[in-house]
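Data first, discussion second: the structure below is written as structure tokens.
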Amino acid sequence: MLSEKDLRELINYTTEDPVVSVYLNTDPSEGNADTHKRKLRSMIREINLTDDIQAIEQFFEHEYNWSGRGVAVFSCSRQNFFRAYPLSVPVRNLVHISDRPSVKPLAALLDNYGGYGVVLVDKQGARLFFFHLGDLREQEGVLGETVRRSKHGGASTMPGRRGAGAAGRETDEVVERNMKESAEFATRFFEENHVRRILIGGTEENVKLFCSMLPKSWNSLVMGTFPMSMTASHAEVRARAMELGMQAEHEREARLVERMITQAAKGSGAVTGLEDTLEAINHGRVQILLISDGFRKNAYRCKSTGWLTTKPEEVCSSEDDIEKIYDVVDLVVNQVMRSGGDVEVVMSNADLERVGSIGAILRY
């Protein structure tokens, strides 16, 4: 299963030898194993790297169990480098050959499906889940003191008995203690699993009380709330979490795109379009790179300076200094992430496509 550490290894891996990157959609709804194998053979048949092709085919024949919905494979046989990551979410079929692994599709998956913390909460306790790339990675629970439910009616007038008001206050205190314990437990769970976004399920009353107990730093990561029973199955929790998470992610991306376009129009702190974005990347100014999902474009690099551009005749010293880059978008995703910037792969946003399908919010 792909982790942030795995992605970081791929980002930092470069070599003078060719690296073959293969993304294969193995979603059962798209066909069986034989169907996907035929698609793979069609994708790699033009690749003139015999050892890498053999390594990739051997993995699919003898190691991959075909139980997932996608897989990413990276091979550089000359450097004895081979990595494979089964995925629980589908990917687009892709073959890419370069001097480094193609990480753009993985960046998109982590951006959209990585690091979901889900909490189901009631007055007595909480169930906590950590979903990463569609997989349930961790599950824990906490159970507090039993909440006693007092009978309806007026307070007792018999001597020595407490009234309903006192019993109600005691119940409220028990609920508050349980909620506080659940929130503290959840905070530790979020920290241990490096949660990036949070969804909370339960009744409106319980969710509101639970959120009031969370530290502000974690409350800021709450992407949505939803009604759900504490007895819901893993599959129900996962399906609802992915649905709400993607909805919230689209809304967040739309706000980022709007911010970028507004700032770029004012000439302050953002750029749009491929050439201006490449110039910002050349100067190391990109804080957040935004690209439309599936966007690909060729460009050029000056061999002497490493400068990326769509206008090589204006910036490179000579024709011999010009190197054509196929799918420069994949290269800049890698470059931005290596420099500590963030990458947002945006799904179906007409405003971003209108300004060239690429842009950036700048550091300065």
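Odds and ends about this structure:
- Selection count where residues are under 20 Å from Lys123 (Cα atoms) and outside any loop (DSSP other than H, G, I, E, B), scope segment 219-258: 6
- All strands (runs of 3 or more DSSP E) inside segment 296-364 with 3 or more residues being buried (at least 20 other Cβ atoms within 10 Å of the Cβ): 299-302, 342-346, 358-362
- Looking only at residues in segment 25-48 that are at negative phi and in a loop (DSSP other than H, G, I, E, B), the one that is surrounded by the most Cβ atoms within 10 Å (Cβ to Cβ) is Thr26.
- Hey, Ser156 modelled with pLDDT under 90 and hydroxyl-bearing (Ser, Thr, Tyr) or not: yes
- Hits in segment 276-295 (condition: buried (at least 17 other Cβ atoms within 10 Å of the Cβ) and over 19 Å from Ser339 (Cα atoms)): Ser292, Asp293, Phe295
- Filtered residue count, segment 49-78, keeping only those that are part of a helix (DSSP H, G or I), open to solvent by less than 40 Å² (accessible area, probe 1.4 Å) and either farther than 26 Å from Thr14 by Cα or among the aromatic types (Phe, Trp, Tyr) (or both): 2
- Checklist (1) touching a Ser or Thr at 6+ places or on another chain (Cβ under 6 Å); (2) part of a loop (DSSP other than H, G, I, E, B) applied to Ala264, failing item: (2)
- The one condition in (1) closer than 26 Å to Glu243 by Cα; (2) at pLDDT 85 or above; (3) surrounded by fewer than 19 Cβ atoms within 10 Å (Cβ to Cβ); (4) of a type outside the set (S, T, N, Q) that Leu133 fails to fulfil: (3)
- Residues of segment 256-312 that are among the β-branched types (Val, Ile, Thr) and at pLDDT 95 or above: Val257, Ile261, Thr262, Val271, Thr272, Thr277, Ile281, Val286, Ile288, Ile291, Thr309, Thr310.
- Segment 258-273, subset in contact with a Gly (Cβ under 8 Å, 6 or more places away or on another chain) and buried (at least 17 other Cβ atoms within 10 Å of the Cβ), residue farthest from Lys297 (Cα to Cα): Gln263
The values are calculated or read from the model by the stated rules, or taken from the named source; none is laboratory data. From a predicted model like this one, the values you see are computed outputs, not experimental measurements. Heads up, the Cβs are rebuilt from the backbone with ideal geometry, glycines too, and the neighbour counts pull from every protein chain shown. All accessible areas refer to the heavy atoms of the entire protein, side chains included, with ligands and DNA or RNA removed. Shrake-Rupley method; radii C 1.70, N 1.55, O 1.52, S 1.80 Å.
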